[in-house]
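Undergrad: After the structure tokens below, expect a handful of questions from me.
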Amino acid sequence: MSTTLKRHFFSGTAVPIEGDDLDTDRIIPARFLKEITFENMGNYLFHDVRFDSQGKPGTHPLNDPAFKDASLMVVGNNFGCGSSREHAPQAIMRYGIQAIIGESFAEIFAGNCKAIGMPAVSATPHDIRLLYQYIYDNPRKKIDLNLTTKTVHFGDHTIAIDLPESRRSVFLEGTWNALELLKSNEKRVQETAKKLPYMTGFA
């Protein structure tokens with residue numbers, strides 16, 4: 001597996017998205033799922049809470065110039081609940097976010113994040129509140145997320161983060177991309193296929 005797929009350190013400014021139980025329909029409204037590619041999904045991130053019916057932007061962190069170009073997102077409890085639509089993490093990633101830090105995540109949502117190389121890591125409610133406040137006070141200062149040490153460092157603070165080891169290891173090893181993993185083992189796939197009766201016409 002290419003070392004370019006290894007992801008263990010993320011550094012950048014962050015955008016705070018407060019609130020618990022923010023579901024996938026809030027993250028990416030269902031009407032945008034009819035598009036046949038994910039290419040424009042970043043344009044629709046939190047669309048219905050960012051814009052009014054005339055398309056006028058409202059008061060939402062993603063509309064705030066202070067958080068422009070953030071590459072990290074900080075969220076609350078049970079983020080990404082609701083439907084299993086993979087468009088939700090796709091919208092977040094295509095907006096420019098590289099990693100998400102939150103109190104907790106819906107299991108399928110976190111798995112969909114892993115599949116596109118965007119870790120969703122958890123921290124205690126106290127530490128998330130501390131991180132929120134730091135971002136509001138220092139919107140242009142960078143935050144460092146380290147999967148190797150399982151920590152987030154900001155200002156004078158270092159907090160512990162957690163994610164299942166099965167997910168953390170694929171980022172550290174660069175094996176989170178299932179398609180690339182399959183392609184890198186093409187010879188073994190072909191050898192296995194030759195042994196399967198239904199791949200050889202039951203010859």
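Matching residues to (1) touching a residue at least 40 places away in the same chain (Cβ under 8 Å); (2) under 25 Å from residue 175 (Cβ atoms); (3) of a type outside the set (Lys, Arg):
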site: 19; (1), (2), (3): yes, no, yes
site: 23; (1), (2), (3): yes, no, yes
site: 27; (1), (2), (3): yes, no, yes
site: 31; (1), (2), (3): no, no, no
site: 41; (1), (2), (3): yes, yes, yes
site: 82; (1), (2), (3): yes, no, yes
site: 94; (1), (2), (3): yes, yes, no
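Undergrad: Using the structure shown, decide if residue 45 is more than 28 Å from residue 138 (Cβ to Cβ) and surrounded by 14 or more Cβ atoms within 10 Å (Cβ to Cβ). First the steps, then the outcome.
TA: Details: more than 28 Å from residue 138 (Cβ to Cβ): no; surrounded by 14 or more Cβ atoms within 10 Å (Cβ to Cβ): yes.
No; evaluated as a whole, the condition is false for this residue.
Undergrad: Name, by its number, the condition in (1) surrounded by 15 or more Cβ atoms within 10 Å (Cβ to Cβ); (2) at pLDDT 95 or above; (3) of a type in the set (Lys, Arg) that does not hold for residue 56.
TA: (1)
Undergrad: Being touching a strand residue (DSSP E or B) at 6+ places or on another chain (Cβ under 6 Å) and in contact (Cβ under 8 Å) with a residue 60 or more places away in the chain is the filter; apply it to region 59-78 and report the residue that is surrounded by the fewest Cβ atoms within 10 Å (Cβ to Cβ).
TA: Out of the qualifying residues, it is 71.
Undergrad: What are the pairs with Cβ atoms under 7 angstrom where one residue, in region 155-170, is over 23 Å from residue 116 (Cα atoms) and without any contact (Cβ under 8 Å) to a residue 60 or more places away in the chain and the other, located anywhere, is of a type in the set (D, E, K, R) and not in a strand (DSSP E or B)? Sequence gap at least six, or different chains.
TA: 159/127; 160/150
Undergrad: A further question on this structure: Could you figure out which of (1) assigned to a loop (DSSP other than H, G, I, E, B); (2) under 16 Å from the mean Cα position of the chain (by Cα); (3) not basic (Lys, Arg) isn't true of residue 59?
TA: (2)
Undergrad: Does region 83-96 contain any residue that is more than 12 Å from the chain's Cα centre (by Cα) and not in a loop (DSSP other than H, G, I, E, B)?
TA: The first filter runs over region 83-96 and keeps only residues more than 12 Å from the chain's Cα centre (by Cα), leaving 83-85.
Among the residues that remain, those that are also not in a loop (DSSP other than H, G, I, E, B) are: none.
No.
Undergrad: Okay, next question. For region 96-107, which positions are surrounded by fewer than 22 Cβ atoms within 10 Å (Cβ to Cβ) and out of contact with any Cys (no Cβ under 9 Å at 6 or more places or on another chain)?
TA: Within region 96-107, 96, 98, 103, 104, 107 meet the criteria.
The values are calculated or read from the model by the stated rules, or taken from the named source; none is laboratory data. The model shown is predicted, which means the values in this text are computed figures rather than measured ones. No Cβ is skipped: glycine too gets one built from the backbone with ideal geometry, and neighbour counts run over all protein chains shown.
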